[in-house]
Amino acid sequence: MIEVNLDVMMARRRMSLNELSDRVGITVANLSILKNNKAKAVRFSTLDAICRELNCAPGDILEYREED
Amino acid sequence: MPKISKNASVILSLVCCGIGFLGLIAIAVLLPFALPKGNGGPYDGQYIGRMLPMSYLMLVPVGVADGFLVKLLLLVRKRQVFTDKAVSCLRTISWCCFLEAGLCVLSAILYFRIHLALFFVAGFLGLVLRVVKNVIEEAVALKAENDFTI
């Protein structure tokens, strides 16, 4: 399964959910869905904006893990 | 062809379900008087006595299906069509149709051959609803994926 490590990157960049939401231009609710691994899919445009604002690569946010 | 507004259509369907339910109650009350009577022969008292419980049993799936139809229509009114609740309603109504078809076969074998026609109608309706249920179930999955695409 794909896991989203958005919270780790946000902590590294010392950025709050509200701030990232403002910068990326998506709602806090949607960003929260993404952060809590509840999202079913991520648009390239969203990923692009998040990577730009957090100054990271998609691989820093998304991680593949074997299912238990 | 005249087109009824969406809200009016739902209300009309709800009214029809209500009328259907009242009709069902009327049939249940009048059933003992409506069944064929005869002195001896195939329609003697004992025969009617055995036919009555089966006739009442056949009304049960119709009543349950009617109730779930009302529930489904209320979900449509609340714009909650593509939800698990709606799928569950369709599943129950479909099973009610299959149950009714089974009872019709039993009734056709034991009492009225004409109930064989009802078996085909109820069975086909159950099948159609099963297909609709599967379609809605797939739509629910697609909607969930769409809703959780960030």
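Restricting to region B:117-133, name every residue that is of a type outside the set (V, I, T) and either open to solvent by 80 Å² or more (accessible area, probe 1.4 Å) or more than 20 Å from the chain's Cα centre (by Cα) (or both).
If the condition is that a residue be of a type outside the set (V, I, T) and either open to solvent by 80 Å² or more (accessible area, probe 1.4 Å) or more than 20 Å from the chain's Cα centre (by Cα) (or both), then B:L118, B:F120, B:F124, B:L125, B:L127 are the ones that fit.
Starting from region A:36-49, keep only residues that are farther than 16 Å from B:N146 by Cβ and more than 7 Å from chain B (Cβ to nearest Cβ), then list their pairs with residues that are open to solvent by 70 Å² or more (accessible area, probe 1.4 Å) and not in a loop (DSSP other than H, G, I, E, B) whose Cβ atoms are within a distance under 9 Å, requiring at least 6 positions of separation or different chains.
Filtered contacts from region A:36-49: A:N36/A:D7; A:N37/A:I2; A:A49/A:R23.
For region A:17-27, state whether one or more residues are in contact with a Pro (Cβ under 7 Å, 6 or more places away or on another chain) and either within 12 Å of chain B (Cβ to nearest Cβ) or of a type in the set (V, I, T) (or both).
For region A:17-27, residues in contact with a Pro (Cβ under 7 Å, 6 or more places away or on another chain) and either within 12 Å of chain B (Cβ to nearest Cβ) or of a type in the set (V, I, T) (or both): absent.
Just to be sure before I move on: is B:A144 open to solvent by less than 70 Å² (accessible area, probe 1.4 Å), without any contact (Cβ under 8 Å) to a residue 12 or more places away in the chain, assigned to a helix (DSSP H, G or I) and within 14 Å of chain A (Cβ to nearest Cβ) in the structure I sent?
yes
Considering every residue within region A:52-67, establish whether at least one is at the interface with another protein chain (Cβ under 10 Å from one of its Cβ atoms) and open to solvent by less than 70 Å² (accessible area, probe 1.4 Å).
Within region A:52-67, not a single residue is at the interface with another protein chain (Cβ under 10 Å from one of its Cβ atoms) and open to solvent by less than 70 Å² (accessible area, probe 1.4 Å).
When you go through A:V28, A:V8, A:V24, A:V4 one by one, which is the residue that is open to solvent by less than 100 Å² (accessible area, probe 1.4 Å), of a type in the set (V, I, T) and more than 22 Å from B:E145 (Cα to Cα)?
Being open to solvent by less than 100 Å² (accessible area, probe 1.4 Å), of a type in the set (V, I, T) and more than 22 Å from B:E145 (Cα to Cα) holds for just one of A:V28, A:V8, A:V24, A:V4, which is A:V8.
Just need a number here: residues in region B:69-87 that are part of a helix (DSSP H, G or I), open to solvent by 80 Å² or more (accessible area, probe 1.4 Å) and touching a residue at least 60 places away in the same chain (Cβ under 8 Å).
1
Considering each of B:S9, B:S13 in turn, give the residue that is at pLDDT 85 or above, open to solvent by less than 80 Å² (accessible area, probe 1.4 Å), more than 21 Å from B:A122 (Cα to Cα) and out of contact with any Gly (no Cβ under 9 Å at 6 or more places or on another chain).
Checking each option against the conditions leaves just B:S9.
Give me a count of the residues in region B:12-25 that are among the aliphatic types (A, V, I, L, M) and touching a residue at least 12 places away in the same chain (Cβ under 8 Å).
2
Among the residues in region B:134-141, are any in contact (Cβ under 8 Å) with a residue 12 or more places away in the chain, in a helix (DSSP H, G or I) and either closer than 30 Å to B:L52 by Cα or within 14 Å of another protein chain (Cβ to nearest Cβ) (or both)?
yes
Considering only region B:99-150, state which residues are farther than 30 Å from A:K35 by Cβ and either touching a Lys or Arg at 6+ places or on another chain (Cβ under 7 Å) or among the small types (G, A, S) (or both).
Once the filter is applied, which keeps residues that are farther than 30 Å from A:K35 by Cβ and either touching a Lys or Arg at 6+ places or on another chain (Cβ under 7 Å) or among the small types (G, A, S) (or both), region B:99-150 yields B:A101, B:G102, B:S107, B:A108, B:A117, B:A122, B:G123, B:G126, B:K133.
The values are calculated or read from the model by the stated rules, or taken from the named source; none is laboratory data. Remember, it's a predicted structure, so these values are computed and weren't measured experimentally. Note that we place each Cβ from the backbone using ideal geometry, even for glycine, and neighbour counts take in every protein chain shown. To get the accessible areas, we keep the full protein, side chains included, count just its heavy atoms, and leave off ligands, DNA and RNA. Shrake-Rupley method; radii C 1.70, N 1.55, O 1.52, S 1.80 Å.
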